[in-house]
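Below is one structure; the comments refer to it alone.
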Amino acid sequence: MKQPQPLTLHLIANAHLDPVWLWDWREGLNEGISTCRAVLNLMDEYPDLTFIRGEAAVYAHIAEHDPETFHRIAAQVRAGRWELVGGTWIQPDTNMPATETFVRHFLRGQRYFESAFGKRVRVAWAADSFGHSAGLPDLMAATGIDSFACTRPMPGQLSLPSPVFWWEGAGGGRVLVYRPSLGWYGVERDEIPKRFDALLAAGRESGLHNIGALYGLGNHGGGPTRRLLQDIRAWADANPEVRVVHSGLSRLFTALRAERPDWPTHRGELNYCLRGCYSSAARFKFAYRKAEAAVARAERTDTAVSAALARPPADLREPWEAVLFNSFHDILPGTSIERAFTDQLAWIGGAQFAAQRAELGALNALALRVDTRVPTVKGDHPTAVPFLVWNPHPHAVTGLVELEASLDQRPLFGYHDRVDQVPVEVRGPTGHPQPFQTIATEHLFFPRDAWRKRVVTPVSLPPLGWCVLSLGWVLGAKPQTGRPIAIPLRTAKHQLTFWNRVRLSVVTVEDKGGSWGGMDESPAACNLQTVLQRWTVSESKLIEQGPLRSVLWARLTGGQSHLDLHITQDRGRQAVDVAARVFWNERGARLKLVLSDFGDTAVFDVPGGTARRGPVGEVPGGRWVKGRYFFASDALYNFNLHAGSLQATVCRSAHFADSGDGAGRPWHPVMDQGELSFRFLLSRRADERLARLLEEPVIAQTVPASKGNLARSGSLLALAPATVKLLALKPAEDGRGIILRVQDTSGHASKPRLKWMGHPVTLGLLRAGEIATWRLLGRRAHRVSSNELDRPRLKRH
């Protein structure tokens, strides 16, 4: 008779460390040094002890500031007692960063681990992230990860058929997942007997033969202790029928694969928990989103221009490091102290500036090679100002672009009190005059005197390409006329109605949760609907009206707060654009935009893919939501489908790093008091490219006039069909060619068509939802696995 397989308890010692949370990044990273020293000393004392540690950023900090400790770690890695896990730069939030940000996490982390230790990580590890996007299996599989261990959402928040399961993405990516059936990633000092008894009972009930026992003091480092190890030995002696082994995540997953290859399969997201994180610290979230988009756009622009001009590409490693570090699961979700966020805002702002500088360098280099000459003038009169208008996207863009420039070096005093009578002309890439509409400038300096002019003019931009426009004071230029366009909008006391159908209203709802929201995860805490204020449209005015663009300004007020909306309709555009500026001065509340007639279900953009959801309360989202119409924003992450409406949370007024106990402490700072700005759009046509353009708009850059040898309009890269999303265009880390990364968003197989530097390049088949990477070498493309890309040239320790 076959003997039953004994139960094995895999001891997985860890020391979860938040580099930023109730402390700043300096304290957090230095604690990484202290924790690793303590664990190494304990490993010298206990020869059987094993340990796991992720986060390449922590290792890099140790290598820089304590080389001796780093070399001790490397020795234990070689001995097989210290396991490298995670594979990411830091443990990120796994619901909000962009798809390419996740890819960079794994690629940068894997590059570091391979260069420093000669190893690549196979097991991803999310000790404390607050739920996981449906697209993660495809992202992990694309970067060499085959297994994933996590603790959230916990069983009481998300029911799963087994603690062990295959998680499959829409693109076919597949990872084996282990989520403990009870407990968390660590233990309290006296908890080992109770925890292990419970794990034993749960293991017998589930039928598992291999159980992971995560233990160690955590949050601020810590890890295993002598008492924990002594208690483990005593428990093992008292339970001889259980095989207790010092192990790691890789050994656990190897055993689980051997135990049963046909574990159940889960498709879709692993959500939800601690839902306040989707909108806490909006000020930081908004800044992060802008920097993330700016770095991606600058890299794409610089890579294409540098390849075309045979110039060295900009070094954007530090801006990308800022994007990666600041996606950490207590920074981006908004659960850290105020002082920490002051530091992180400075850090992420530096990334945005570095991206802008690299982008300007690339466009200036291109402008020197492009014919940007303007018409000559006679006498003492200024010439027109040339603009290089750049499309950072791999598809053509048609629409209006804004140009603003000084017409002369000094104000035109001859037009005092006749500002609107200054003859202005816009010329297109062919050198001929083209239609335009004058709009208000951004300044109010001497408004009765003409000096700077701001216009909108139609443009047709080739994919990842440019055209040249000019704006100038031209005597005798014909004034622009035409029938003003209408904004499809009606205002009422409590709402704005678009297209005679969609009602936009604004409400303040009660929200007494802390930074994480309602820690009890009660239904009321997960679906916040107690309305405190229905905001009123207190003022509105048509501030721009012309043949190309009309703009309505509306102010809504509620409680002690107000919201200004600039609602724009451009001729021929199938979307209404809204620039929003809120002054928020409430406590124990959150601000929601409410859009009627959206539907009972919707498709949400999420990292690595999409998620179809119904009315399940507050949920995380990305750049857009598709219902009966299309909503996109450049800043918001928190949504809710309720009674057929889409609710989008703008901000919430929780205390910093508050578990929900901050009520009655008015002296304690509250997040997001003051002014916040963001943009969103509404469209009856669901087109994800609208969202990409909102987040990464066309650039109209003034440049010096040059007699370049390149045409006044041109394209460097084109990618079709539109359902193939360009994730990255970047230099290969080894200097061999260009890396092109794409993802299918159509839901079915397709064959991308690429034109690079004017020449067609053959790419292979792309599966539905798949993330794929090619190396471009001249006119050839070689498909490569993401875990073979960008091999580093760093010193191995």
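Filter the stretch 546-561 down to the residues that are polar (S, T, N, Q) and surrounded by 15 or more Cβ atoms within 10 Å (Cβ to Cβ) and list them by number. Matches in the stretch 546-561: Ser550, Thr557, Ser561. Here Val77 fulfils each of the conditions (1) open to solvent by less than 10 Å² (accessible area, probe 1.4 Å); (2) part of a helix (DSSP H, G or I); (3) closer than 22 Å to His220 by Cβ apart from (3).
All conditions in (1) at pLDDT below 95; (2) in contact with a Phe, Trp or Tyr (Cβ under 8 Å, 6 or more places away or on another chain) hold for Val456, with the sole exception of (1). Against the conditions (1) charged (D, E, K, R); (2) farther than 18 Å from Asn95 by Cα; (3) without any contact (Cβ under 8 Å) to a residue 24 or more places away in the chain; (4) in a strand (DSSP E or B), Arg612 satisfies every one except (2).
Annotation note: of Asp634, Asp605, Asp564, Asp600, the sole residue that is open to solvent by 10 Å² or more (accessible area, probe 1.4 Å) and free of Cβ contacts under 8 Å to residues at least 40 places away in the same chain is Asp564. Quick one: in the stretch 425-461, of everything that is open to solvent by 30 Å² or more (accessible area, probe 1.4 Å), under 37 Å from the mean Cα position of the chain (by Cα) and charged (D, E, K, R), which residue is nearest to Thr376 (Cα to Cα)? The residue in question is Arg452. A single entry from Trp535, Trp516 fulfils the requirement of being among the aromatic types (Phe, Trp, Tyr), in contact (Cβ under 8 Å) with a residue 12 or more places away in the chain and touching a helix residue (DSSP H, G or I) at 6+ places or on another chain (Cβ under 9 Å): Trp516. Among the residues of the stretch 646-668, the one identified as open to solvent by 20 Å² or more (accessible area, probe 1.4 Å) and either of a type in the set (S, T, N, Q) or within 18 Å of Val582 (Cα to Cα) (or both) is Ser659. Within the set Ala686, Ala718, the sole residue that is part of a loop (DSSP other than H, G, I, E, B), among the small types (Gly, Ala, Ser) and under 25 Å from the mean Cα position of the chain (by Cα) turns out to be Ala686. Could you tell me which numbered condition Leu532 fails, if it satisfies all but one of (1) among the aliphatic types (A, V, I, L, M); (2) open to solvent by less than 50 Å² (accessible area, probe 1.4 Å); (3) assigned to a strand (DSSP E or B)? Among (1) among the aliphatic types (A, V, I, L, M); (2) open to solvent by less than 50 Å² (accessible area, probe 1.4 Å); (3) assigned to a strand (DSSP E or B), the lone unmet condition for Leu532 is (2).
Residue count for the stretch 333-347, restricted to those that are of a type in the set (Gly, Ala, Ser) and within 20 Å of Asn95 (Cβ to Cβ): 2. For the stretch 40-62, the count of residues that are open to solvent by 40 Å² or more (accessible area, probe 1.4 Å) and under 24 Å from Ala149 (Cα atoms) is at least one. Tell me, please, whether a residue that is open to solvent by 10 Å² or more (accessible area, probe 1.4 Å), out of contact with any strand residue (DSSP E or B) (no Cβ under 9 Å at 6 or more places or on another chain) and free of Cβ contacts under 8 Å to residues at least 60 places away in the same chain can be found in the stretch 116-126. Checked against the condition, which is being open to solvent by 10 Å² or more (accessible area, probe 1.4 Å), out of contact with any strand residue (DSSP E or B) (no Cβ under 9 Å at 6 or more places or on another chain) and free of Cβ contacts under 8 Å to residues at least 60 places away in the same chain, the stretch 116-126 yields no hits at all. Among residues of the stretch 208-254 being in contact with a His (Cβ under 7 Å, 6 or more places away or on another chain), at pLDDT 95 or above and among the small types (Gly, Ala, Ser), the one that is surrounded by the most Cβ atoms within 10 Å (Cβ to Cβ) is Gly212.
The values are calculated or read from the model by the stated rules, or taken from the named source; none is laboratory data. Everything numeric here is computed off the predicted structure, so don't read it as measured data. Note: ideal-geometry Cβ built from the backbone for every residue, glycine included; neighbour counts use all protein chains shown. Side chains included, ligands, DNA and RNA excluded: accessible areas come from the protein's heavy atoms. Shrake-Rupley method; radii C 1.70, N 1.55, O 1.52, S 1.80 Å.
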